[in-house]
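Worksheet: the structure to be examined is printed underneath.
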Amino acid sequence: MGEGSPNDGATSVAVVSSTLMRNGVPSICAEQPSQRAALFSAMIVGMRIPFTSIVPLIVPEPAAPWRRALPIALAFALLTAGCGPAGDPTDPAAAVAGDGKLQELLIRHDSRDPAYRLEGGAVEVGSIVTLQVRTGSDDAVTVALAVAAPFGGSSTRTAATRVKRGVPCAGIGASDRGASAELSALLAPDPILDPANGLADALCDVWSATIAVGSEPTAIGYHFEIADGSAAVKLSDDNINDQGLGSTSPANVGGDWAIVVSPKGFTASPLLSGSVVYQIFPDRFANANPLNDGGAQRRYAGVASIIPWNTLPATPPKGEDFYGGDLDGIRFRLPHLVSIGVNTIYLNPIFDANSNHRYDGSNYLQVDPRLGGNAALQRLLAAAQKLNIAVILDGVFNHVSSDSPIFDRYGRWPTVGACESVNSPYRDWFVWTKAAGAKGPCAGAGGPNTAGYVGWANYDTLPVLNKNNPAVRALILGDASGAPAATLHASPAGDAGVARWWLQQGVAGWRLDVMPDGSFPDGFWQEFRAMLKAASPNAPIIGELWNRRDALRLLRGDAADATMNYRFRDAVLTYLGGKPAAGATDSTNRSAVLFIRKLMGIAEDYPTAVTLANLTLVDSHDTSRSLWELTPGDGRDGKEVADNLSVGKARQLLAATMQYLLPGSPTVYYGDEIGMSGATDPDDRRTFPILLTDPRTAHLDGSGAGGRRPAPLSAARSADLTMLAWYQKLAAIRAAHPQVRGASVDWLAIGAGDVMSRTLLFSRRANGVAGELAHLGDAGSWAVGDLLVAVNAGGGGEHLTFALGAGLHLREVAQSAGKAGAGDPITGVDVPARTAIIWEVVP
Ligand SMILES: [Ca+2]
Ligand SMILES: [Ca+2]
Ligand SMILES: [Ca+2]
Ligand SMILES: [Ca+2]
């Protein structure tokens with residue numbers, strides 16, 4: 001609950017939910033010296049401004065009594081909600097079925113614990129998933145499983161069956177998949193194990209129910225409903241971290257746990273699995289040919305300008321400032337990409353367009369002449385293929401430019417565009433908004449200027465295509481019937497459709513802009529996938545799926561292969577100390593425990609094939625640069641202060657470590673690897689500084705024949721070759737240890753600070769199986785080549801203890817701070833502030 005949070009000004013606050021509840025009162029209310037920390041959620045209800053939010057907090061004990069650790073408004077809220085120096089309202093001996101009470105501290109479900117969800121993570125069609133829930137023994141009268149299929153729909157309830165009665169609560173469930181036993185106790189704390197709760201000897205029942213997931217790919221949501229007379233609670237996911245532990249509340253405040261159901265045998269594109277992806281904003285990466293930069297052409301209402309390399313993008317962004325980057329420039333810089341392990345390039349849009357971002361394309365079959373046209377793309381594809389680099393294009397199939405020939409709002413094309421006449425052959429390709437007689441920029445039944453149209457996000461430059469129109473579908477998807485291509489646009493592509501036609505030209509696959517947009521009808525992306533995979537089974541399909549709900553709908557094996565994993569970005573940047581993205585609620589929480597929980601929750605949401613393919617990015621053209629977020633200081637001036645920048649860069653090396661050494665396809669936004677910074681659009685789209693170490697590319701700042709002199713660069717904005725060396729080292733480690741491209745990661749330990757620690761240790765084992773752990777003391781379970789990675793995101797050194805067993809030999813492979821690690825890695829090591837250390841198991 002930071003400053004300016006929406007509950008400011010709330011006149012009434014009710015605490016309705018907590019993972020540590022005692023008969024409706026958060027147990028944290030009682031100050032317990034032995035309780036080192038508690039994680040709880042509260043629902044804040046503002047009466048003046050209707051608002052609800054789940055607020056996650058870590059409250060350290062005994063270092064800071066909870067009232068002092070909390071924002072004053074929340075502490076007051078807890079007090080008014082009945083928190084105070086309470087006694088212990090939970091008396092296990094008093095439990096009775098039918099007494100109208102529930103022992104909420106004993107109620108538990110953990111989707112990552114095999115004792116509670118027997119088939120973890122995503123499953124294939126036809127599976128039966130067994131779900132179990134713990135209650136106090138002979139406490140609850142009814143336990144029901146509520147299932148919503150698809151996720152977010154209405155629920156149907158089935159009674160759970162009691163399968164165990166009167167067993168020690170502490171013996172139910174042991175560890176989370178993918179985490180060591182010691183770490184599980186911190187990742188998924190069980191209140192009965194806290195001596196302060198006096199529940200060590202409590203007895204519990206276990207209830208069980210199953211879900212038959214059906215025969216179609218889908219996403220299923222579930223929660224539990226537990227009742228004893230008037231005491232009725234819902235046990236649902238807790239919204240603190242997706243999946244894993246839940247919490248009880250009168251309402252389903254946190255939402256359902258999710259089970260993704262994928263087709264049988266679903267595998268991601270091998271082209272994408274574990275690839276290293278490099279994202280390029282083409283106008284800003286490299287300008288090989290100043291002669292194609294173009295002049296001051298009219299662009300919508302404005303005029304394009306050509307800007308010298310190294311100057312900052314115009315603010316506010318109008319899309320009219322061009323730097324002259326082109327595809328031949330990318331081709332000349334391919335060796336640089338190879339040096340950081342890149343084998344896939346994702347290009348922001350390249351088709352003919354009026355803006356520098358080119359999300360307003362005019363012609364799906366024509367590469368912008370400013371980029372060198374179709375011939376330059378062919379040269380790039382041929383050169384990339386020689387280096388085993390695949391090229392993925394940005395598919396903007398939702399909308400086109402208002403200045404495109406098929407729309408022709410400005411009357412610049414010989415075609416009769418949809419905006420020009422109701423009799424245009426393209427009229428039904430768009431969606432019209434004004435009735436006859438109304439005003440609008442286009443021709444309507446009442447004559448000129450009597451019709452309006454739907455533009456994406458209300459931008460009038462981006463008329464939305466009507467994807468229900470068969471001709472529009474044929475344009476994108478092709479026409480399986482073999483009917484003649486009916487349109488100007490489709491004619492060069494023939495019946496292939498533009499998506500498949502570009503595959504025939506050597507493009508590997510597509511990133512799909514605004515994939516979840518509601519204007520794509522049901523089944524559109526399933527048809528897109530079937531069409532594309534029939535043409536090329538390996539063609540990657542990457543969705544622009546920002547939020548979890550969209551990902552659950554489109555990332556289950558029948559639409560996209562992978563997403564731009566912004567959830568990974570949020571987790572990494574928060575942990576490393578940057579500001580989380582808008583919408584994140586946990587700006588105060590940067591602990592290793594919460595970071596691990598977030599990554600486990602993401603992995604649990606997706607089939608393994610998706611986890612392998614997901615683009616593990618830390619920024620893109622749509623976000624601030626990660627270095628910007630990780631650097632202390634305000635604004636450009638503050639972030640370019642040398643001391644601040646060095647903190648940010650140390651953290652950036654850790655971000656790269658997470659990208660390159662955790663499961664997924666590390667995705668480097670052009671220039672991250674040499675220390676490019678910048679706030680969000682347009683500042684995240686600066687020009688790539690020249691690498692003076694490579695004279696062959698010294699002219700790619702547009703200073704070639706006929707070019708303009710680039711602006712000088714300050715030291716803070718120059719290419720950082722030390723950072724580049726770290727990316728190159730990570731690429732070399734990745735290449736030498738193929739298990740890094742797999743899905744198995746084991747979270748082994750965190751630093752001495754326990755739940756407040758900023759230090760973590762994970763392994764990537766050569767024979768690793770996702771979710772299965774070696775016993776740490778068992779040297780025999782480790783193999784030569786296994787990797788261990790320690791990361792300390794904090795500003796102070798931390799000691800990390802890990803007992804790997806006698807006879808195990810480790811060799812330090814790399815250290816981001818450039819100093820040798822102190823201590824004995826077999827039993828523990830000091831990890832300096834903001835440092836990553838990587839070891840491998842040697843004979
Ligand atoms: Ca009861
Ligand atoms: Ca959870
Ligand atoms: Ca150029
Ligand atoms: Ca025209």
Heads up, the strands (runs of 3 or more DSSP E) in segment 332-444 (entirely inside) with at least 2 residues that are touching a residue at least 12 places away in the same chain (Cβ under 8 Å) and under 30 Å from residue 671 (Cα atoms) are 344-347, 390-395
Given (1) out of contact with any Phe, Trp or Tyr (no Cβ under 6 Å at 6 or more places or on another chain); (2) under 19 Å from residue 110 (Cα atoms), residue 221 misses just (1)
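Take the residues of segment 813-832 that are in contact with a strand residue (DSSP E or B) (Cβ under 6 Å, 6 or more places away or on another chain) and at pLDDT 90 or above: which is surrounded by the most Cβ atoms within 10 Å (Cβ to Cβ)?
We begin by selecting, within segment 813-832, every residue in contact with a strand residue (DSSP E or B) (Cβ under 6 Å, 6 or more places away or on another chain); these are 813-817, 821-823, 825, 828-831.
After this cut, where a residue has to be at pLDDT 90 or above as well, the list is 813-817, 831.
Details: 813: 18, 814: 17, 815: 18, 816: 25, 817: 16, 831: 28.
Only one residue fits best here, namely 831.
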Being touching a Gly at 6+ places or on another chain (Cβ under 7 Å), small (Gly, Ala, Ser) and away from ligand 1 (no atom under 16 Å from the Cβ) narrows 295, 246, 325, 319 down to just 246
In the set 513, 495, 517, the lone residue that is surrounded by 15 or more Cβ atoms within 10 Å (Cβ to Cβ) and modelled with pLDDT under 95 is 495
Regarding segment 453-470, can at least one residue be identified that is over 22 Å from residue 353 (Cα atoms), free of Cβ contacts under 8 Å to residues at least 60 places away in the same chain, more than 16 Å from ligand 1 (Cβ to nearest atom) and in contact with a Pro (Cβ under 9 Å, 6 or more places away or on another chain)?
yes
Over segment 269-287, the set of residues part of a loop (DSSP other than H, G, I, E, B), within 23 Å of the chain's Cα centre (by Cα) and among the aromatic types (Phe, Trp, Tyr) is 281
Of the listed residues (173, 274), the one being at pLDDT below 90, touching a Phe, Trp or Tyr at 6+ places or on another chain (Cβ under 7 Å) and away from ligand 1 (no atom under 16 Å from the Cβ) is 173
**Request:** Report yes if some residue within segment 367-381 is away from ligand 1 (no atom under 16 Å from the Cβ), within 17 Å of residue 686 (Cα to Cα) and touching a Gly at 6+ places or on another chain (Cβ under 6 Å); otherwise report no.
**Result:** no
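Can you find a residue that is away from ligand 2 (no atom under 16 Å from the Cβ), under 30 Å from residue 337 (Cα atoms) and either surrounded by fewer than 23 Cβ atoms within 10 Å (Cβ to Cβ) or not β-branched (Val, Ile, Thr) (or both) anywhere in segment 397-418? Step through it out loud before you land on a result.
Of segment 397-418, the ones away from ligand 2 (no atom under 16 Å from the Cβ) are 397-418.
Filter once more, so that each one left must be under 30 Å from residue 337 (Cα atoms): 397.
Narrowing the set further to residues that are either surrounded by fewer than 23 Cβ atoms within 10 Å (Cβ to Cβ) or not β-branched (Val, Ile, Thr) (or both) leaves 397.
Yes - at least one qualifying residue is present in segment 397-418.
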If we ask which residues in segment 584-641 are of a type in the set (Gly, Ala, Ser), in contact (Cβ under 8 Å) with a residue 60 or more places away in the chain, more than 24 Å from residue 268 (Cβ to Cβ) and surrounded by 24 or more Cβ atoms within 10 Å (Cβ to Cβ), their number turns out to be 2
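Go through segment 661-691 and count every residue that is part of a helix (DSSP H, G or I) and either under 16 Å from residue 571 (Cβ atoms) or free of Cβ contacts under 8 Å to residues at least 60 places away in the same chain (or both). If you could, list the steps in order and put the result at the bottom.
Our first condition is that a residue be part of a helix (DSSP H, G or I); within segment 661-691, this holds for 661, 672-674, 683-685.
With either under 16 Å from residue 571 (Cβ atoms) or free of Cβ contacts under 8 Å to residues at least 60 places away in the same chain (or both) added as a condition, the list becomes 661, 672, 674.
Qualifying residue count, segment 661-691: 3.
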Exercise for the section: Might you check whether a residue that is of a type in the set (Asp, Glu) and under 27 Å from residue 321 (Cα atoms) occurs anywhere in segment 342-365? Expected result: yes
task = Determine whether segment 425-441 contains at least one residue that is away from ligand 1 (no atom under 16 Å from the Cβ), surrounded by fewer than 17 Cβ atoms within 10 Å (Cβ to Cβ), acidic (Asp, Glu) and closer than 23 Å to residue 523 by Cβ.
result = yes
Q) Is it the case that segment 312-333 has a residue that's within 24 Å of residue 388 (Cβ to Cβ), among the aliphatic types (A, V, I, L, M) and surrounded by 19 or more Cβ atoms within 10 Å (Cβ to Cβ)? A) yes
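The values are calculated or read from the model by the stated rules, or taken from the named source; none is laboratory data. Small disclaimer: the values here were computed from a predicted structure and weren't measured. Neighbour counts run over all protein chains shown; Cβ positions are idealised from the backbone, glycine included.
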